[in-house]
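Encoded as structure tokens, the structure appears first; notes follow it.
The values are calculated or read from the model by the stated rules, or taken from the named source; none is laboratory data. Quantities reported herein were computed from a predicted structural model and do not represent experimental measurements. Here Cβ is always computed from backbone atoms with ideal geometry, including for glycine, and neighbour counts include all displayed protein chains.
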Amino acid sequence: MIEGAGLFLAGLLGGIVNSIAGGGSFITFPALIAAGVPPIAANATNTFASSAGYLSGAAGFRRELWAHRRQLPKIAFLALVGGGLGAWLLLQTPEATFSRAIPWLLLLATALLIWGNPLQARLRRRFEGRQSLSLLGGVLLTLLLLLVCTYGGFFNAGLGIVLLGYLTLAGYQDIHLMNGLKLLVSALVSIFAIVIFSAGDLIAWREGAIVLTGTLIGGYAATSAVRVVSQHLVRRAIIAVAAGMTAYFFLAR
């Protein structure tokens, strides 16, 4: 009973954090391990548990997403392919190898959040009017999104921060649209990864269902609260979370 309440509370907090800034997995993943789920199974279960919060959170930003609906089919395709590829790679790669890479990936994402806008403006000025380079930039951004989604299928923790870094580099500026896209991509990445994890019998369904229920409630509730906060404050909060997550993983190495 106490274990179940703890998992539900972790899911609730994780869903709120995921909707506002990303990083809820750093609450839910340790909670699953504390409940006795082995680390690799906890990783797979965390992906399953987080998926409902991603879906409910994305629903909260449906107006922003609908206004940019022409971009969604391509983004959805890359998310599904990347999520499936990442999940497959996780089953083939030693856990220690990926653990050593996590702090550096989060450091890159944090740098993109802080300096992504100035970098995007400089690139736009540098290559303005050059169609061939513009096309090349589009191809590179497509490949980068596929890589980010592969990361998400490989290890769900930190995906929201990495996605926000990518969206900043890609030129998005509306923080609410960015949060909606982040949650939608995270949900789609999780869907294909869950299919592969299920085939590998890696998901602890009972514990995952408890956390999932919490993330579902927390994810949707947080989208209403985040709208009343200024974009500047939300971005500062996201950067603070990203820096904290990065420092945590470097210290935990």
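Exactly one residue among ALA204, ALA121, ALA111, ALA193 is at pLDDT 80 or above, among the small types (Gly, Ala, Ser) and over 25 Å from ALA35 (Cα atoms), and that residue is ALA111.
The rows are residues; the columns are (1) surrounded by 23 or more Cβ atoms within 10 Å (Cβ to Cβ); (2) in contact with an Asp or Glu (Cβ under 7 Å, 6 or more places away or on another chain); (3) under 17 Å from SER25 (Cβ atoms); (4) of a type in the set (Phe, Trp, Tyr).
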residue	(1), (2), (3), (4)
LEU159	yes, no, yes, no
LEU163	yes, no, yes, no
MET178	yes, no, no, no
VAL185	yes, no, yes, no
ARG206	no, no, no, no
THR215	yes, no, yes, no
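Residue by residue, here is whether (1) over 16 Å from PHE197 (Cβ atoms); (2) in contact with a helix residue (DSSP H, G or I) (Cβ under 9 Å, 6 or more places away or on another chain); (3) among the small types (Gly, Ala, Ser); (4) without any contact (Cβ under 8 Å) to a residue 12 or more places away in the chain holds:
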site: TYR54; (1), (2), (3), (4): no, yes, no, no
site: ARG69; (1), (2), (3), (4): yes, no, no, yes
site: ILE75; (1), (2), (3), (4): yes, yes, no, no
site: ALA87; (1), (2), (3), (4): no, yes, yes, no
site: PRO94; (1), (2), (3), (4): yes, no, no, yes
site: LEU105; (1), (2), (3), (4): yes, yes, no, no
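Consider THR97 carefully, then state whether it is under 20 Å from the mean Cα position of the chain (by Cα), in a helix (DSSP H, G or I), within 14 Å of PHE155 (Cβ to Cβ) and of a type in the set (Val, Ile, Thr). No, not satisfied. Scanning the stretch 168-183 for residues that are more than 9 Å from the chain's Cα centre (by Cα) and touching a residue at least 24 places away in the same chain (Cβ under 8 Å) turns up THR168, LEU169, ALA170, GLY171, GLN173, ASP174, ILE175, HIS176, LEU177, ASN179, GLY180, LEU181. The single condition among (1) without any contact (Cβ under 8 Å) to a residue 60 or more places away in the chain; (2) within 21 Å of ILE175 (Cα to Cα) that ARG206 does not meet is (2).
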